[in-house]
1. Being open to solvent by less than 40 Å² (accessible area, probe 1.4 Å), within 28 Å of GLY159 (Cβ to Cβ) and either assigned to a helix (DSSP H, G or I) or β-branched (Val, Ile, Thr) (or both) is the filter here; which residues of segment 103-119 pass it?
2. Which number in (1) closer than 30 Å to PRO34 by Cα; (2) hydroxyl-bearing (Ser, Thr, Tyr); (3) crowded, with 21+ Cβ neighbours inside 10 Å marks the one condition that TYR133 misses?
3. Take the residues in segment 1-58 that are β-branched (Val, Ile, Thr) and not in a helix (DSSP H, G or I); name whichever of them is surrounded by the fewest Cβ atoms within 10 Å (Cβ to Cβ).
4. What are the pairs with Cβ atoms under 9 angstrom where one residue, in segment 52-79, is over 19 Å from ALA16 (Cβ atoms) and the other, located anywhere, is part of a strand (DSSP E or B) and aromatic (Phe, Trp, Tyr)? Sequence gap at least six, or different chains.
5. Any residue at all in segment 155-173 that's closer than 24 Å to ALA68 by Cβ, open to solvent by 20 Å² or more (accessible area, probe 1.4 Å) and in a strand (DSSP E or B)?
6. Could you please find all residues in segment 120-154 being part of a helix (DSSP H, G or I), hydrophobic (A, V, I, L, M, F, W, C) and more than 12 Å from the chain's Cα centre (by Cα)?
7. Got a number for residues in segment 180-189 being over 14 Å from ALA248 (Cβ atoms) and either modelled with pLDDT under 95 or open to solvent by less than 50 Å² (accessible area, probe 1.4 Å) (or both)?
8. Scan segment 1-21 and report the pairs whose first residue is more than 13 Å from GLU35 (Cα to Cα) and modelled with pLDDT of 90 or more and whose second residue is open to solvent by 60 Å² or more (accessible area, probe 1.4 Å) and of a type outside the set (Asp, Glu), with Cβ atoms within less than 6 Å and a gap of 6+ or a chain change.
Amino acid sequence: MFETAETPASRIAGAAALLADVRRGRRAPLPGLPEALRPQGIAEAEAMQLATYAALGWSIGGWKVGRAQGRPIAAPLPATALAPAGEATLHLPLGAGMELEAAFRLTRALDDAALAALRVEDIPAIADLVILYEWVETRFAAAPPASELEKLADCVSNGSCSFGPPTGAWSWADVETLEMRLSVDGIDVAHHVGPHRSMPLAELVLGWRDRCRAIGHAPPAGEVVTLGSQTGLLPVPAAGGLLVGHYAGRGSLTCRIAPLGS
């Protein structure tokens, strides 16, 4: 049933069923989507995201923004896998990756009228700036490499996220040029200083706003929008360890990771 797709609707449904099965643990990671189910553009890949969420019964708790084919995109994050970082040890699957990011978390809900009127410069007044770890888990096998659109259909390989408390009053200048450092058990493994790696950020924020409006999503207070990795995608150490992500001038976020797969 997953191999035949004569229309965009059946292509979307078939790809979503496969991706949902991998997320449930019913299938091994895929060597790419079957040719008949591969998204034919950004719109189809984004529809596959929502169809996968529908198949899993998931709701949207946040977004990761970025670019695909040179265009701004916003991929949903599941509410069930987006949580404040705490003292409890995290358990992640084998092969998990990690990224250290800056994100904003809404302090009030936005209906469609508020979204329509929203300007990028309004965000610091209605959202907290937080430090965030994205835990990366792909639904695809390592080889052959998945295409950019297949990765987009898979919500850009998101697994879960852990975010910290508000870092204080902020402006976009605090995000557009920044310094972030990631250490594991006291050893630095990544360091970025300079312009945000996803500049210009304004078009990504507007892309998120427009995606919400296009699908009729009204972001509630507490929804998180993460702006992209400043450390690159790194493997989580198989033995686990103590991670400390430092955002110069804004604080640090600590997470303890158990041995992977435990």
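The values are calculated or read from the model by the stated rules, or taken from the named source; none is laboratory data. Not measured: the values here are computed from a predicted model. Backbone-built Cβ (ideal geometry, glycine too); neighbour counts: all protein chains shown. For accessibility, only protein heavy atoms count, side chains too; no ligands or nucleic acids. Shrake-Rupley method; radii C 1.70, N 1.55, O 1.52, S 1.80 Å.
1. Scanning segment 103-119 gives a single hit, LEU115.
2. If we test TYR133 against (1) closer than 30 Å to PRO34 by Cα; (2) hydroxyl-bearing (Ser, Thr, Tyr); (3) crowded, with 21+ Cβ neighbours inside 10 Å, just (1) comes out false.
3. Among them, the one singled out is THR7.
4. That search, which allows pairs on different chains as well, returns GLY62/PHE163.
5. Yes, the conditions are met somewhere in segment 155-173.
6. Passing the criteria: VAL120, ILE123, ALA125, ILE126, LEU149, ALA153.
7. 1
8. From segment 1-21, the pairs are ASP21/ARG27.
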